[in-house]
1. With each label point set 7 Å from Cα along the Cα-Cβ vector, what nm distance links residue 106 and residue 81?
2. Would you mind getting me the FRET efficiency between residue 74 and residue 42? Use the beta-carbon distance for r and R0 = 22 Å, nearest 0.05.
C-alpha cells in the first residue's frame, strides 16, 4: 500500500475500492485510509500507555517489563512509519492521552524517525 501515487502502483484484486483505484485526493475521511489513520493513532496511544505505565505493573519481573516496553516502542515506531508513508508530516504523540486532543502540530519525518530510533 505504500506505492500509491507512484509508477509502481497497480490495481489490486482484493475488491477494496477505496485503495485500489488511485486518487490524488486521499485524506483521512476515505474508507480504508480513514481506518489506517484511526488505527495507527489508536495503537500509538496504546503503546504510549504501555510505555508510561509499565513500571506500575506488579507481578512481572523487570526483564519482562523491559521486553514489553521495547515491543511497544518498536510497534509505535512502526505505526509512525506507516503514517509517514501515507501522509508525510504527521503529529508526533509520545505521551499517553486520556482526554481528546483537538490540536495538532506536524512533525517532519526525519525528526520523528530520530525520536523513534532514540527511544527504542
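Just so you know, all these numbers are worked out from the coordinates, no wet-lab data involved. Keep in mind that what you see is a predicted model, and the values were worked out from it rather than measured. All Cβ positions, even for glycine, are placed from backbone atoms using ideal geometry, and neighbour counts span all protein chains on display.
1. Each label point lies 7 Å from its Cα, and together they span 2.3 nm.
2. Taking R0 as 22 Å, the efficiency between residue 74 and residue 42 is 0.80.
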